[in-house]
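To start, the structure under review is shown below, and the notes come after it.
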Amino acid sequence: MRAVIVSFGRAMLSQLHIRILLLTVLPFILSLALWGLVLWLGLQPLIDSVQHYFTVNDMFGISGSILSWFSMGAFKAVLVPLIAMWALLPLMILTALVFVALIAVPAVLRHVAGRHYAHLTRKFGGSWWGTLWTSLWCFLVFSVVWLLTLPLLLAPPLNFVIHPLLWGWLTYRVMAYDALSEHADNQERRTILRRHRWPLLAIGTATGIAGTAPTLLWLGGVLSWFFFPLLAALSIWLYVLVFVFGGLWFEYYCLEALSRYRAGETVAAAEAADPIRA
């Protein structure tokens, strides 16, 4: 765990660097522009579709009974818009993740590698389409589990356990690939991800806990609906900020792990070449 803590401290210091802070601007602007257009064109049709589904399947009566049982009957009036918002939230997360992975993470890599790991040879085992593919299939899994666990919002203790773990898995799978894509070859990346899966999952989960901060903005019930545009913009910026910090943390940990792995391989090769001296 020492390597996890050390890489966390180094990531915190780098996060305060003006260059790193500026990296959040472009992904935020692109995400905001995209979602501004999507919400302008698609929010009302989505709400109408959910409204139609609830009406046809008599879901208002069922949901009203459940909300009344939890003494939350006032939510019935805005239940459909709230469901529409929560359905869009995973897509906002994917947007922030993809834009950070494609725009910010390469700059983060240059910042970390140039300052601390200039000695590492670059073997270019990853690619931008590999990043995109990893982000997409991980997001599909994330979205399905996210939607299945939405009822846990009624049980906050469980929600604050499941969703950070889910975030942790998503962040770990995507960020670890990006962190090693330029310096490690395919075999090195697989080996490091296998040997360090639990520390990497711990980093991802800790990042996931930080990632629950934007989610808390959406727990305001009726107020969440009225302040939807503002909350959407603020959530996107916080997601970008969390992902950039996560990228720094994974970068420091993974490049250190790669450096130690290659040093061990060099020693093992030397011992194999000269067994008498070993």
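Please go through region 1-16 and pick out each residue that is at pLDDT 85 or above and farther than 19 Å from VAL244 by Cα.
Answer for region 1-16, where residues must be at pLDDT 85 or above and farther than 19 Å from VAL244 by Cα: ARG2, ALA3.
Looking for whichever is of a type in the set (Lys, Arg), surrounded by fewer than 16 Cβ atoms within 10 Å (Cβ to Cβ) and at pLDDT below 85 here; the options are ARG115, ARG19, ARG122. Which one fits?
Residue meeting the stated conditions: ARG19.
Name every residue in region 19-39 that is more than 17 Å from VAL108 (Cβ to Cβ) and of a type in the set (Val, Ile, Thr), in order of residue number.
Answer for region 19-39, where residues must be more than 17 Å from VAL108 (Cβ to Cβ) and of a type in the set (Val, Ile, Thr): ILE29, VAL38.
For region 173-205: of the residues being buried (at least 18 other Cβ atoms within 10 Å of the Cβ) and free of Cβ contacts under 8 Å to residues at least 40 places away in the same chain, which is nearest to ARG2 (Cα to Cα)?
LEU201
Do the conditions hold for PHE75, that is, is it closer than 26 Å to ASP185 by Cα, open to solvent by 10 Å² or more (accessible area, probe 1.4 Å) and either at pLDDT below 75 or touching a helix residue (DSSP H, G or I) at 6+ places or on another chain (Cβ under 8 Å) (or both)?
No, not satisfied.
So in region 131-148, with the set limited to residues that are over 22 Å from PRO199 (Cβ atoms) and surrounded by 15 or more Cβ atoms within 10 Å (Cβ to Cβ), which one is modelled with the highest pLDDT?
Only one residue tops the list, namely VAL145.
The values are calculated or read from the model by the stated rules, or taken from the named source; none is laboratory data. The shown structure was predicted, so the numbers you read here are calculated from the model rather than taken from an experiment. Cβ atoms come from the backbone with ideal geometry, glycine included; neighbour counts cover every protein chain shown. In case anyone asks, the SASA skips ligands and DNA or RNA and just uses the protein heavy atoms, side chains included. Shrake-Rupley method; radii C 1.70, N 1.55, O 1.52, S 1.80 Å.
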